[in-house]
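Please read the structure below before turning to the comments.
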């Protein structure tokens, strides 16, 4: 039997726009009754208070403090409360944050609903290290327990690592995989970082938490400044950014509220104190939809448990593991042993025909030129007639969260002037020709025709859509300089308005990119193209 690591949890959201979230599957154990999660969530933004006077109690970890036996509790919240170790601090900033949480119980219900997939693992790891279990609440503050959360500073995952800090703590980040979103790896890295900061700041957890948010260098400078003036150097007396001055009180407010929720008129449905998922060895690369079928679980559920993957399959270079619901672990293990190697990652072979380009081939198979370039180890998008390409059999589209994560990784092509290139869909106007459109976009007619499977002499119809490849500089005024092309398959109940809100584009943009007017209706299954601003889009 393959060795397993077990964990419980759920998932959260600090995103300005998000996508379909997998519902927690039914389990044989006692159900957890909490309001269902919405499609998007925004974390609290209560007011920031300045530091109050008075020296607070020390938050150094008591040397004699020992963790309880975690298995003594039926409710994971009770287990977490038993491990609380921070001293109670009376500060107005904490009261302000607490008031926001107290008056937004629906928000907390949704956050804890999502946390059920992950919290058991996090509490178990915190206890194993002898750390205060308040740190199981830090992802509430950081990401609302949403592993696909992104910030404007490019922080990602439950624990919100920026790329450089993630690399510093061993979080792999490449085309296939982002360890900052991996539940197991990001938790390991976050606790490593917090322990390092705890030691650096002489056992003061509040300074460690502040440094986790703003960086240790900033906290060190603030301490040195206060020391030079003979002022106290505890967290409450340091001159730190407003975000950090609110960040630490948010965690302490969450601890106070979760210690006695009934005191504030709140009740949270219990989370079973038992593992939610099993960590299974996959041996090598595998398609995530294939893995979901082997486990007998939904694709969305598997993505929620394995959010670190940027693509439709695992990283060929590892990690070779899959998190599956614990109730499905035995079925997954048995089915994996019977799986033929050729069925792990299905491909078809395509022979390049004369005048074919990589974007043309990609469109034919419903994928992108960047994917084919990566899979076939090509240098640029150049292919030659007679060459054979491996085409991944990607069934359906990726979940929107994964598509946007992939868009953040994909590097755009660079034109001869060093400008980033984008694929742009253009809607033909009355009287326009291939020649006039090519001339306006500074490209040869032959190139425009080849990109669109046309002959240079072909006539165009009003409303026809053409694919252009132009530099970002030309389209900067159109707001496309930081955009990535995303294909979206319309679902039942979708409207142009709901899709535009989800991807943070305008209704007019969506209509223009797809040749839609007031007489056109979108139907389930229709593929829409859009250009998502990856600097603004939040997961």
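None of the figures in this text is laboratory data; all of them are computed from the coordinates on show. Worth saying up front: this structure is predicted, and the values here are computed from it rather than measured. We place every Cβ from the backbone using ideal geometry, glycine too, and count neighbours over all the protein chains shown.
Using label points projected 7 Å from each Cα along Cα→Cβ, tell me how many nm separate residue 348 and residue 442, to one decimal.
In this crude label model, residue 348 to residue 442 measures out at 3.8 nm.
Any idea what the relative contact order of the range 347-392 is, in percent, if you count C-alpha pairs under 8 Å spaced at least 6 apart?
On the way: 63 pairs, mean separation 27.0, N = 46.
Averaging sequence separation for qualifying contacts and normalising by length gives 59 percent for the range 347-392.
Under a point spin-label approximation (7 Å from Cα along Cα-to-Cβ), what is the residue 225-residue 495 distance to one decimal in nm?
5.0
Once you have the Cα-Cα distance between residue 334 and residue 458, take 0.36 nm times their residue separation minus that, and quote the gain in nm to one decimal.
Working: separation 124, 0.36 × 124 = 44.64 nm, distance 5.63 nm.
Value of the extension gain: 39.0 nm.
What whole number of Å gives the distance from the Cα centroid of the range 364-393 to the Cα centroid of the range 218-278?
Cα centroid to Cα centroid, the span is 49 Å.
Under the 0.36 nm per residue contour assumption, what length would be gained going from the current alpha-carbon distance of residue 320 and residue 243 to full extension?
Computed gain between residue 320 and residue 243 is 24.0 nm.
For the range 347-392, build the convex hull from the C-alpha positions and give me its volume per residue in Å³.
Value for the range 347-392: 60 Å³ per residue.
Taking neighbour Cβ counts within 10 Å as the exposure measure, how do 140, 409 sort from fewest upward?
Listing 140, 409 from fewest to most nearby Cβ atoms yields 409, 140.
Hey, rough spin-label estimate for residue 355 and residue 100, points 7 angstrom out along Cα→Cβ, what's it come to in nanometres?
In this crude label model, residue 355 to residue 100 measures out at 6.0 nm.
Ranked by Cβ crowding within 10 angstrom, fewest neighbours first, how are 410, 287, 377, 192 ordered?
377, 192, 410, 287
Arrange the following residues from fewest to most other Cβ atoms within 10 Å of their Cβ: 428, 219. Before the final figure, lay out the partial values.
On the way: 428 18, 219 26.
Lowest to highest Cβ neighbour count: 428, 219.
In angstroms, what radius of gyration and Dmax does the range 111-158 have, counting Cα atoms only?
Considering the range 111-158 through its Cα atoms, Rg and Dmax are 11.2, 33 Å.
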